[in-house]
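The values are calculated or read from the model by the stated rules, or taken from the named source; none is laboratory data. Because the structure is a prediction, the values reported are computed rather than measured. In this analysis, Cβ positions are derived from the backbone assuming ideal geometry, glycine residues included, and neighbour counts consider all displayed protein chains.
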């Protein structure tokens, strides 16, 4: 490391150097005597600007700045999963061991444990031609996940040395590759990759497989694909974080990258505690075995908050390259946008809307574009799905972050303040949410769940929309004056809202529901609807139908039918028919 | 370190510029002496080579470019700490104002505080009984939580905070050590006096540390007041093992002070002129609540803020709500109906409630009852708006029941006397008494088993 400059000025996390310096754009640097980590963000003849990822208090002009010659990078290798990092991939547990409970300045720690030996199974042979992305070794990283170390994407050549299977650290070379230009590179288990550069892939595929989350309102009404993007906007207290937690817990992705970006410290503690205890529905192991947490809480330095999103997505891409389906929870992208705004303000850039920088939209776009179902360099297929929470100012969806996010995501799960106030959770509004993946997924649903699934889904939505327009009338004149068929719509909509859309995250049976059960529940509700509609068309009054307990029984299906006893649902269809026959016999 | 610089190069509001300085560090504290007599403190907020921009605590009114001597201290802002700070009163930047002399200190600590490592936190789960039904039953306060009051001018937020201090087991009868840190920012003298009287009456005054920056005190000091107070709170909690309740009032005045400085620094404003870093800045304060794993104490925060024009979407309550673990919202309509405490439960929320209630802490039915009360109350509001259009007489029978239920809920469940202390069991039993006013089919948030257990019961008196 050599000194390439001296500090001229300091303004919070922004440090200036005077004159023409030899730094490169986006280079990672060490700033000051304390060697705080920073990144070059602008260069010109008069001034070099550095964004520092730690608190700068106590720093003085005249202190040295050291260059590294590398872009801001993360280390990729075994040891990432079942771990918690800060925004620039420093392991928080190691920091705690070194400096105690508070994160002090200038902690020097390695991203991955360089002492730990991993049992390695080598998968390449001497003399083999290798190209970027090819898998060279496998390591059982956690109980759930096999880690596959790869040739870095920019390397091409012939294996001239390879180690035996055995125990190695992440820095010991596994293979030596002679490249076409005769240079020789040693490749260990871990590699570095710059966080702002997407990892290369062979090609992008269109995805037609859903990311199943176990949440009815998502899976049935507004589904997302593996490799898809979704935004969860909602004011405070509407349940964004809760929803992210639910998806992280129960979605059928192989790997979860959970980015706590500028959010509460206690929430990260909760994720850590909960996920360690909870069982992964797929493998039966602890959920943390497939999870990595990036925690840059709101009181941690703002520049690292900006970086945390990129760190998270780079880790996700790395596991995608191994052929896994990865889901990213980014909570919350608004904090990231605000970090951009704060830094932009300190740089005295010209603001666009509400003080946000003009490049907000393009930054959001590059982030969400890193999602997708990809054919990797090693021909395996993997996906990165991004689910980003948005915290609109004042709960108003017309603000710039929500609006710009909407342009780049294809799923929009808008959370509604009114529903949250009624404690209807998940408070996803069925009126202004949407998913543009429904058409892509219809074939999959038809073949794998039920031929009626898409049709039933449409009907459910129709009933809900009808109810919403009827409610405008009810609010004015009361429900008594409505004709019976409209009363039925309102009653069935109530059954759908309480019995289907509302889902209790704390109820053992209800917290995670299979698609099969979702489809059957929908069928039962619609069967009830059709039978009632027929009776009403024959002149039966709604008040008569409501005397039967069947409506409330259908509402409580979610609690009463355990997830492993779906056969019980058929009984409901029979009971509805009996209810129909009974009414028809006694009143016809 | 002891070089003194004579004179300043410019003065602009609370900011002064000093050129030709050597070895000045970002964020360090400087001492000014004006006319060789008056001492003031300031903080370096920007440095460029040999030029420092310094923010002066207190007013710059008597400073001139010539009469001021400046000395660099080489350290960030620190306050002296020792068990002696209990029972004492300080000004907004930690200087004693109770004529009892300086505190002899065990240590000095940087008021900015470092961020707590998320892996070192313990998830808060201990229920604090405040004796107030609306809070205990519906927005439960948990030890280590930050639960702000979103209030408005003229609403009884101070009374409620005082009642919590009196009732929240802060007094006698427990082996654990409790304490209160009170930080006043820009409030009137009588508010400060009111709290002092409350502490005195409830016999906790010797366990209270007060930091007062009243309305007439320098605005800029307000920036430091919560930091100083929280540093004291952390010392009491984590070094001395006490359970500390921090009351900070009024956060709106704090944010306005922040805006004032931002404006004089000519920063680019975001919403309503507040600086873009308001969120980060507030987070640095609120996130200092919590429990550190392996340490006996805790810091619980009740920040009080007055929403300008009762607007909950104003940046101050909005950003606060995104950081804190819930909020208790005061409502002017309920105040108009003489209901105390006038808490609007629908927008109120306690995020940590789910982990701190239930069988282990309060009672098994607590969560379900709370959910049902919220849901039913929102039906009450619907019924009321319908009644206001078509008249109460025209309502369906169920809606009429909701109206009756709503009235009793507001008058007797929400409403209670300023010295009434209800146990959580009383609160829950009373909730069932109310729910029995509604037909059983309407109670759709409570599962069948709990309904069987509680709905049928008549209240045993």
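Tabulated results
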read-out	value
Residue that is nearest to the other protein chains (Cβ to nearest Cβ) [pool: residues in segment B:356-367 that are buried (at least 19 other Cβ atoms within 10 Å of the Cβ) and touching a helix residue (DSSP H, G or I) at 6+ places or on another chain (Cβ under 9 Å)]	B:367
In segment A:239-287, residue nearest to the other protein chains (Cβ to nearest Cβ) [restricted to those that are in a strand (DSSP E or B) and surrounded by fewer than 22 Cβ atoms within 10 Å (Cβ to Cβ)]	A:286
Which numbered condition residue B:370 misses (of (1) surrounded by 20 or more Cβ atoms within 10 Å (Cβ to Cβ); (2) away from chain A (no Cβ under 12 Å); (3) in a helix (DSSP H, G or I))	(2)
Test result for residue A:22, more than 36 Å from the chain's Cα centre (by Cα), part of a strand (DSSP E or B) and away from chain B (no Cβ under 14 Å)	no
Residue within segment A:386-394 that is within 14 Å of chain B (Cβ to nearest Cβ) and over 22 Å from the mean Cα position of the chain (by Cα) present	yes
Total residues in segment A:379-422, condition crowded, with 20+ Cβ neighbours inside 10 Å and within 30 Å of residue B:382 (Cβ to Cβ)	17
Index of the failed condition, residue A:529 passing every other in (1) in contact with a helix residue (DSSP H, G or I) (Cβ under 7 Å, 6 or more places away or on another chain); (2) within 11 Å of another protein chain (Cβ to nearest Cβ); (3) assigned to a helix (DSSP H, G or I); (4) touching a residue at least 24 places away in the same chain (Cβ under 8 Å)	(2)
Qualifying positions in segment A:25-37 - in contact (Cβ under 8 Å) with a residue 60 or more places away in the chain and either under 21 Å from residue B:23 (Cα atoms) or within 14 Å of chain B (Cβ to nearest Cβ) (or both)	A:34, A:35, A:36
Test: residue in segment B:380-387 that is touching a residue at least 40 places away in the same chain (Cβ under 8 Å) and surrounded by 22 or more Cβ atoms within 10 Å (Cβ to Cβ)	no
Some residue of segment A:84-94 being exposed (fewer than 15 other Cβ atoms within 10 Å of the Cβ), more than 22 Å from residue A:262 (Cβ to Cβ) and under 30 Å from the mean Cα position of the chain (by Cα)	no
Helices (runs of 4 or more DSSP H) wholly inside segment A:407-501 that include at least 1 residues being within 14 Å of chain B (Cβ to nearest Cβ)	A:417-421, A:453-477, A:484-496
Residue ID - nearest to the chain's Cα centre (by Cα), chosen from residues in segment B:1-43 that are away from every other protein chain (no Cβ under 13 Å) and at positive phi	B:13
Test result for residue A:423, more than 20 Å from residue B:274 (Cα to Cα) and in contact with a helix residue (DSSP H, G or I) (Cβ under 7 Å, 6 or more places away or on another chain)	yes
Segment B:200-223, residues that are within 28 Å of residue B:122 (Cβ to Cβ) and in contact with a helix residue (DSSP H, G or I) (Cβ under 6 Å, 6 or more places away or on another chain)	B:208, B:209, B:211
Residue B:50 being in contact (Cβ under 8 Å) with a residue 12 or more places away in the chain and either over 28 Å from residue B:214 (Cβ atoms) or within 14 Å of chain A (Cβ to nearest Cβ) (or both)	yes
Search result, residues across segment B:224-241 that are surrounded by 24 or more Cβ atoms within 10 Å (Cβ to Cβ) and touching a helix residue (DSSP H, G or I) at 6+ places or on another chain (Cβ under 7 Å)	B:226, B:230, B:232
Condition met for residue A:124 (touching a residue at least 12 places away in the same chain (Cβ under 8 Å), surrounded by 15 or more Cβ atoms within 10 Å (Cβ to Cβ) and over 31 Å from the mean Cα position of the chain (by Cα))	yes
Any pair with Cβ under 6 angstrom, 6 or more apart, that starts in segment B:1-23 at a residue that is more than 24 Å from residue A:7 (Cα to Cα) and ends at one that is assigned to a strand (DSSP E or B)	B:6/B:69; B:14/B:55; B:14/B:56
Residue check for residue B:399: within 12 Å of another protein chain (Cβ to nearest Cβ), in a helix (DSSP H, G or I) and either surrounded by fewer than 20 Cβ atoms within 10 Å (Cβ to Cβ) or over 26 Å from the mean Cα position of the chain (by Cα) (or both)	yes
Among the candidates A:447, A:439, A:396, A:452, residue that is under 18 Å from residue A:227 (Cβ atoms) and out of contact with any strand residue (DSSP E or B) (no Cβ under 9 Å at 6 or more places or on another chain)	A:439
Residue within segment A:180-193 that is in contact (Cβ under 8 Å) with a residue 40 or more places away in the chain, more than 29 Å from the chain's Cα centre (by Cα) and surrounded by 14 or more Cβ atoms within 10 Å (Cβ to Cβ) present	yes
Lone qualifier among A:10, A:50, A:40 - being part of a strand (DSSP E or B) and within 14 Å of residue B:47 (Cβ to Cβ)	A:10
Which listed residue is closer than 23 Å to residue B:332 by Cα, within 14 Å of chain A (Cβ to nearest Cβ) and crowded, with 20+ Cβ neighbours inside 10 Å, from B:160, B:147	B:147
Candidate set: segment B:1-43, residues that are over 30 Å from residue A:34 (Cβ atoms) and buried (at least 16 other Cβ atoms within 10 Å of the Cβ); chosen: the one modelled with the lowest pLDDT	B:13
Strands (runs of 3 or more DSSP E) lying entirely in segment A:74-153 (those with 1 or more residues that are within 14 Å of chain B (Cβ to nearest Cβ) and over 29 Å from residue A:178 (Cβ atoms))	A:83-85
Among residues of segment A:534-544, those that are surrounded by 14 or more Cβ atoms within 10 Å (Cβ to Cβ) and more than 18 Å from residue A:480 (Cα to Cα), counted	1
Any hit, segment A:302-318, residues being away from every other protein chain (no Cβ under 14 Å), within 20 Å of residue A:151 (Cα to Cα) and either over 14 Å from the mean Cα position of the chain (by Cα) or assigned to a strand (DSSP E or B) (or both)	yes
